[in-house]
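Novice: Next up is a structure, given as structure tokens.
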Amino acid sequence: MEKRRSGVNPPGMPAGKATKSDSDREFLSQAGVGDLLRGAILKMVEARSDDPIGFLADHFCNLASVTAAGSSGCGDEEQVNTGTVSAGAQEQQRLNRALWHLRLAHHSQRSAFSNNVRVAYDLLNLTGPQTCAGEFSEGGGVRGGLYTQTLQCLCSEGGVPASTSAPLLRRLHCHDHEAVPYDVFRHGVLTCAVFSDYIRQAQRLYAEVCCPGEGTASRALCLAVLGTLKEALETSQGSDTNYCAIRYLEASAKISPCKLAQAMAGAQTRGPGGNMDAKEFENAAAELFITRVKVVS
């Protein structure tokens, strides 16, 4: 059989159209469009996004910011004079990119979440060479202040009021001069992600005991619910500190309606009078969680 010679157009295809098709493919290949789209689709599948268009828009926006940061040169006199400002802007940019990756997958998707935490850590771990004060060397860990700022952002974006998250952040806090290793970073990020879900669960529990049309709930009922929540958390203790926070959340979500009803029925016949507002209940529920969180030393 005679081999087709290179440059011969397929039957029925005009020469000009074949040339244009080859040119288009060459352009897409040189621009790396296939790899960009493949990477975006894999990320979206991993995150199981409910908003594919919004996810892809955010993904490519993040890639654009990374490219812009990487293409900015250095060494001219103006950048030397504004080195401090540029360093601060670059750090904020890395923080924004790290937070974007941390939003991609819910903590219940353990594999995807762990991968994204690793990516976020590597982004924030781009510390510069050792300073004159001898604080950091490259690859030594995430700066403590940046780590704490990351946790604050996660709690805020999770809808947790600053006053509620403050006691938790004090337990997870690292000093600005400290270099945070990956295990500590992962523990803090996972704890804050779970805590946000836990607080929303606590708010739903308060809604269960709050009478319709009234601003507050019976203190006796609230204390009964908190007692049931405490009991559930105490029975969820385990040896794996990495997933303790997740077990606390699962325990709070699995409080049976029957058990809750029994506690509330007992509270109606005995217990202190007065009411408890939503904020007091939220703080009390948060304390039950926070006291079980390992303190970062």
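Novice: State yes or no: is residue 171 under 23 Å from residue 282 (Cβ atoms), in contact (Cβ under 8 Å) with a residue 60 or more places away in the chain and among the basic types (Lys, Arg)?
Specialist: Yes.
Novice: Scan segment 184-228 for residues that are hydrophobic (A, V, I, L, M, F, W, C), part of a helix (DSSP H, G or I) and more than 21 Å from residue 166 (Cα to Cα) and report the count.
Specialist: 9
Novice: Name the residues in segment 166-212 that are acidic (Asp, Glu) and open to solvent by 40 Å² or more (accessible area, probe 1.4 Å), would you?
Specialist: Matches in segment 166-212: 176, 178, 183, 208.
The values are calculated or read from the model by the stated rules, or taken from the named source; none is laboratory data. In this text, all values refer to a predicted model and were calculated from it rather than measured experimentally. Neighbour counts run over all protein chains shown; Cβ positions are idealised from the backbone, glycine included. Protein only, heavy atoms only, side chains kept; ligands, DNA and RNA dropped before computing areas. Shrake-Rupley method; radii C 1.70, N 1.55, O 1.52, S 1.80 Å.
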